[in-house]
Amino acid sequence: MSISGKGLLLVVSGPAGSGKGTVLKCLMEKNDDFVYSVSATTRAPRPGEVNGVNYHYISTEEFEERIKNGGMLEYTRYCENYYGTPKKEAEEVLHSGKNLILEIEVEGAENVKRLYPDAVLIMLLPPSFSVQESRLRGRGTESEEVILKRLERTREELKRLGSYDYVVYNRDGGAEMTADDIISIVRAEKLRLLRSPDAAKKYFE
């Protein structure tokens with residue numbers, strides 16, 4: 001299934017427990033018009049991680065050179081390491097007609113929107129705050145302190161929900177339906193007149 005024209009730049013954010021990984025995996029299995037952006041980082045690979053799959057692992061010097069030359073679409077620094085989206089690779093995907101997915105947090109999403117106003121920002125949420133809390137506790141992998149920090153971060157992130165274009169709810173067992181919602185958003189966005197301002201002129205050609 002193909003949607004013609006230039007691809008869309010999609011930013012998908014969501015708090016811990018929203019199921020971003022599951023939904024995006026399902027999305028790309030259902031529709032090959034979506035490409036997941038592989039970020040670049042200056043941190044060392046962890047055991048089992050593969051260069052070009054988990055991240056593009058580059059030196060601090062190279063990363064800073066890319067920043068200086070405008071080679072990063074967006075970037076941030078966390079725990080002394082850089083993380084960001086290589087601009088060249090991103091533009092190649094978009095010009096191929098594929099839709100590029102950036103899975104980044106609220107601050108990065110707002111930065112992308114400032115640089116690329118036609119980017120589409122989607123916030124993925126559990127059905128409710130109580131469901132999110134149940135999911136985090138149900139994992140059994142994190143301490144109470146970490147869970148409370150994640151929940152508090154959600155409160156802070158949702159104060160900036162107005163920066164987003166869409167909110168999509170991922171219900172329990174509903175990853176496939178959630179992926180369909182994102183596909184529907186992309187179809188509608190590609191039909192918006194602002195993306196085809198010369199539609200009338202082209203019609204009469």
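The values are calculated or read from the model by the stated rules, or taken from the named source; none is laboratory data. The shown structure was predicted, so the numbers you read here are calculated from the model rather than taken from an experiment. All Cβ positions, even for glycine, are placed from backbone atoms using ideal geometry, and neighbour counts span all protein chains on display.
See the values below:
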quantity: Enumeration of residues in the range 176-205 that are of a type in the set (A, V, I, L, M) and under 16 Å from the mean Cα position of the chain (by Cα); calculated: A179, I182, I183, I185, V186
quantity: Unique match (being surrounded by 13 or more Cβ atoms within 10 Å (Cβ to Cβ) and in the same structural domain as T22 (by TED's automatic domain parsing)) among R153, R139, R66, R114; calculated: R153
quantity: Residue ID - farthest from the chain's Cα centre (by Cα), chosen from residues in the range 137-165 that are assigned to a helix (DSSP H, G or I) and small (G, A, S); calculated: G138
quantity: Every residue from the range 6-30 that is small (G, A, S) and within 15 Å of I183 (Cα to Cα); calculated: G7
quantity: The range 80-103: number of residues that are in contact with a Phe, Trp or Tyr (Cβ under 9 Å, 6 or more places away or on another chain) and part of a loop (DSSP other than H, G, I, E, B); calculated: 1
quantity: Total residues in the range 177-191, condition surrounded by fewer than 14 Cβ atoms within 10 Å (Cβ to Cβ) and either in contact (Cβ under 8 Å) with a residue 24 or more places away in the chain or in a helix (DSSP H, G or I) (or both); calculated: 3
quantity: Pairs where the first residue, in the range 108-119, is in contact (Cβ under 8 Å) with a residue 12 or more places away in the chain and the second is of a type in the set (K, R), C-beta under 9 Å, 6+ apart; calculated: A109/R160; E110/R160; D118/R195; A119/K113
quantity: Subset tally (residues that are crowded, with 16+ Cβ neighbours inside 10 Å and of a type in the set (A, V, I, L, M)) for the range 159-176; calculated: 2
quantity: Of the criteria (1) outside the structural domain of R155 (by TED's automatic domain parsing); (2) in contact (Cβ under 8 Å) with a residue 40 or more places away in the chain; (3) under 27 Å from A175 (Cα atoms), which one N54 fails; calculated: (2)
quantity: Unmet criterion (only one of (1) assigned by TED's automatic domain parsing to the domain that holds L125; (2) of a type outside the set (A, V, I, L, M); (3) closer than 30 Å to G140 by Cβ) for K6; calculated: (3)
quantity: Pairs where the first residue, in the range 77-92, is basic (K, R) and the second is at pLDDT 90 or above and surrounded by 14 or more Cβ atoms within 10 Å (Cβ to Cβ), C-beta under 6 Å, 6+ apart; calculated: K87/G71; K87/M72
quantity: Filtered residues of the range 23-79 (kept if of a type in the set (G, A, S), under 19 Å from I104 (Cβ atoms) and either modelled with pLDDT of 95 or more or part of a strand (DSSP E or B) (or both)); calculated: A40
